[in-house]
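Single-structure report; data block below.
Since every read-out is calculated from the coordinates, none of them should be taken as a lab result. Note that the structure is a prediction, hence the values are computed from the model and not measured. Because the Cβ atoms are built from the backbone with ideal geometry, glycine has one as well, and the counts that use them run over all protein chains shown.
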Amino acid sequence: MSKVSETDVRAEVRAWLAANWDPEMSLVAWRNKLVDSGWGMPHWPEAWYGRGLPLGLVRAVEEEFARIGAVGVAKSGVRLLAAATLLEHGTDRQKERFLRRILTGEDTWCQLFSEPGSGSDLAGATTRADLHGDYWLINGQKVWTTSAHHADHGLLLARTDWDAPKHEGLSYFVIDIKQPGVDVQPLKQMNGHASFNQVFFTDAHVPAENLVGRIGEGWKVAMTTLAHERRGADGLSAPAKRGARTGRIYVEERRELETANQPYTWYPQRAGRVDLILDRAKETGANTDPHVRQEIAKLMILAKSAEWTARRARAAQQQGRPQGPEGSLGKLAASHVARAAAHVHTLMTGADALLTGPGSPRDGIIAEILVSVPAISIAGGTDEIQRNIIAERVLGLPKEPRFDTGPFRQVRKN
């Protein structure tokens with residue numbers, strides 16, 4: 001499209017909102033109208049519910065929505081990972097079938113990648129997909145699957161060729177989670193939450209048309225999903241705060257977010273809660289301890305550096321530069337920040353950091369931080385995996401020696 005100015009974009013979206021925004025509409029009806037307008041995801045192609053705007057103008061659109069409290073398209077959970085993957089690799093039929101309902105919030109998604117024997121070694125997945133005429137038969141197990149207990153669809157990585165090398169024998173599918181043959185079981189965590197699930201597949205069906213990309217391109221497609229996931233792990237995103245606004249749309253949106261965000265309620269604790277550090281230092285008197293003050297200063301420098309790195313990555317994205325390994329830099333930085341924050345919380349709180357329940361420090365939040373922080377170094381790709389990506393793709397260092405080449409069925413497993 002021809003170059004447009006931010007002033008023109010603001011004027012156009014403001015006029016559209018003035019003519020269309022009605023907080024008494026149903027949430028789905030409003031989002032369908034929003035999807036048709038292209039203002040819900042303005043940087044998407046015009047053919048697929050967008051307006052083809054440069055990424056740098058998206059913030060202007062979001063600010064106009066926020067100015068009047070207008071609700072946007074559904075963005076919680078794995079939805080936008082699914083959308084980004086389908087936009088890049090999906091067929092027109094898949095985009096027609098799934099993208100609109102992703103944006104309206106009518107469908108919920110989960111990500112079926114990790115397995116008991118292949119978490120960090122994602123390419124070692126052994127869940128199998130066998131073609132039977134016009135459908136694939138799925139058998140195997142996935143684990144650490146957030147929101148699978150209420151998902152409609154899953155992004156599934158499964159092995160379709162056992163004689164190809166491990167990275168070349170995988171394919172990528174969209175699978176119906178509600179069908180017979182899919183058994184979702186919650187996993188209880190040591191912090192008391194049950195955000196994750198294990199999912200068992202026993203002769204579950206996937207229509208042939210639900211293959212994303214070509215047979216054997218599963219690794220390539222999965223890397224798109226993971227690149228967007230890691231970019232979202234930089235800690236800059238924050239849910240919109242609409243206060244106590246009244247209207248049918250707000251009521252329905254709050255209900256939607258309550259369900260969608262329930263598995264993620266402990267994620268701020270997983271990130272270390274740097275936002276609590278200075279208040280806790282004053283509460284505990286630790287701000288008068290020279291050693292603790294030094295550790296706090298180190299943490300704040302690290303956190304601010306990570307934030308600036310994430311902002312540089314966002315700026316690159318807004319300039320239209322392709323998704324790269326900067327997501328791994330941000331994710332690894334987040335792990336370092338979280339561990340440093342847990343260390344400082346422990347220094348300030350002492351043995352009381354282990355207490356939970358009424359009367360404990362911050363009503364158990366500090367204890368939840370300590371038992372939740374280790375998860376950030378695992379979820380979405382371990383720190384070790386991120387270091388390999390940075391070493392090989394950013395620094396250009398030689399790759400590690402491999403002992404898992406050749407046909408996958410001959411590779412030693414577990």
| Listed highest first by mean packing, meaning other Cβ atoms within 10 Å per residue, what order do 173-185, 15-27 come in? | 173-185, 15-27
| request: Could you go through the range 153-159 in sequence order and give the Karplus-derived ³J(HN,Hα) for each residue, using 6.51 cos²θ - 1.76 cosθ + 1.60 with θ = phi - 60°, rounded to whole Hz, and x for Gly and Pro? | output: 10, x, 8, 10, 9, 9, 8
| note | Using eta = 0.890 mPa s and T = 25 °C, Stokes-Einstein with Kirkwood Rh from Cα pairs puts D for the range 1-87, in µm² s⁻¹, at 183 µm²/s
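Relative to 2.2 N^0.38 Å, what does the C-alpha radius of gyration of the range 172-223 come to as a ratio? Two decimals please.
Details: Rg = 14.3 Å, N = 52, 2.2 N^0.38 = 9.9 Å.
So the Cα radius of gyration is 1.45 times the expected 2.2 N^0.38 Å.
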| request: Would you indicate which of [x] 34, 31, 22; [y] 35, 25, 23; [z] 43, 25, 20 is the value of semi-axes √(5λ) of the Cα gyration tensor in Å derived from the coordinates of this structure? | output: [x]
| request: Could you pull out every residue, at least 5 positions away or on a different chain, whose amide H is within less than 5 Å of the one on TRP44? Hs are placed 1.01 Å off N in the peptide plane, and Pro or chain starts have none. | output: ARG51, GLY52, LEU53
| said: Please list, short to long, the whole-number percent of alpha-carbon pairs of the range 266-394 in consecutive 5 angstrom bins beginning at zero. | reply: 2, 11, 18, 19, 18, 13, 9, 6, 3, 1, 0
| field | Inter-part distance where the range 87-124 and the range 32-79 are each reduced to a Cα centre, Å | value | 20 Å
| request: Pull out a ≥ b ≥ c, the square roots of the eigenvalues of the alpha-carbon gyration tensor of the range 1-45, then state rounded if a/c is under 1.5, prolate if not and a/b is larger than b/c, and oblate in the remaining case. | output: oblate
